[in-house]
1. By how many degrees, 0 to 90 and rounded to 10, does the Cα axis of helix 118-128 deviate from the longest principal axis of the chain?
2. Shape call for the range 1-123 from the C-alpha gyration tensor, a ≥ b ≥ c root eigenvalues: rounded (a/c under 1.5), prolate (a/b greater than b/c) or oblate?
3. Among 79, 108, 23, flag the residue with its Cα farthest along the positive direction of the charge dipole of the range 5-128, charges on Cβ as +1 for Lys/Arg and -1 for Asp/Glu.
4. Divide by every residue of the chain the summed helix terms, -39500 (n - 2.57) for each DSSP H run of at least 4, and state the resulting mean residue ellipticity at 222 nm, rounded to the nearest 500 deg cm²/dmol.
5. Run the dipole for the chain about the Cα centre, Lys and Arg Cβ at +1, Asp and Glu Cβ at -1, nothing else charged, and hand back the magnitude in debye, nearest 20.
6. Considering the options 119, 70, 9, tell which one lies farthest towards the positive end of the dipole of the range 5-128, charges being +1 on Lys and Arg and -1 on Asp and Glu at the Cβ, about the Cα centre.
7. If one takes the longest principal axis of the Cα atoms in the chain, at what angle in degrees, from 0 to 90 and to the nearest 10, does the Cα axis of helix 157-186 lie?
8. Highest mean first, what order results for 31-38, 120-127 on Cβ atoms within 10 Å?
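Read the figures in this text as sums done on the coordinates, not as results from a lab. On a predicted model such as this, the values are computed, not experimentally measured, just so you know. For neighbour counting, all protein chains shown are included, and Cβ atoms are generated from backbone atoms with ideal geometry for every residue, glycine included.
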Amino acid sequence: MDQTTIQVGPELFAPAESSSYSGEYLPESLSIGPDTYTFAQPLNWNVLVSNTGGALLVAGSVTGVGTTECSRCLEAVEVPLNGEVEAYYLLNAEETELTEDEEDEFEVLGEDNTINLIPLLEAAILVDVPLQPLCREDCKGICPDCGVNLNEQSCDCAEARAKADAEFEEAKNPFAKLKELNLSNDS
Ligand SMILES: [Zn+2]
Ligand SMILES: [Zn+2]
């Protein structure tokens, strides 16, 4: 058995019983939104499984470091992860009629009384990662014109673009004036 599966022991089927479990999880890579995370070291997880009466509550945390790309400059950036795991596994699911809402809320324990933690750990990480990972708060990103990393080099593109914009505005102006003239001639 790998370190991402919990075998629920018979003692946990009595109300108010609980057991803690911990282990490591090394995902190959995780795609989260537009970002792909890789892991040099396994993530550490620990959870407490407790019997709440009708369900097993799995609650705990998953911590570690993921590596992804800075959303502005595309350099590798290490993101500390600290996700919260929480899920309910309904006991005696086959005897209970579930509404649709309840079906979304509860997981169903496998026949062999195992809990596969991978989806829980991945969901916890997904909630925890930043929407836009950045190598640093004030990352200057990549120049859209010449492609240099503006954290490391500077380029004249922004200046050239501003000059071109100014010239464009100037070029538009005579026409605007001409239009005004025409209008006043007509009236
Ligand atoms: Zn960056
Ligand atoms: Zn440039």
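1. 40 degrees
2. On the way: a/c = 2.91, a/b = 1.97, b/c = 1.47.
Prolate is the answer for the range 1-123, as a/c is 1.5 or above and a/b outweighs b/c.
3. 79
4. Details: 3 runs with 47 residues, N = 187.
So the calculated ellipticity at 222 nm is -8500 deg cm²/dmol.
5. On the way: 8 positive and 37 negative charges, 253 e Å.
The dipole magnitude comes to about 1220 debye.
6. Going by the Cα projections, it comes out as 70.
7. Value to nearest ten degrees: 60.
8. Working: 31-38: 14.0, 120-127: 18.9.
So the peptides 31-38, 120-127, ranked by packing, come out 120-127, 31-38.
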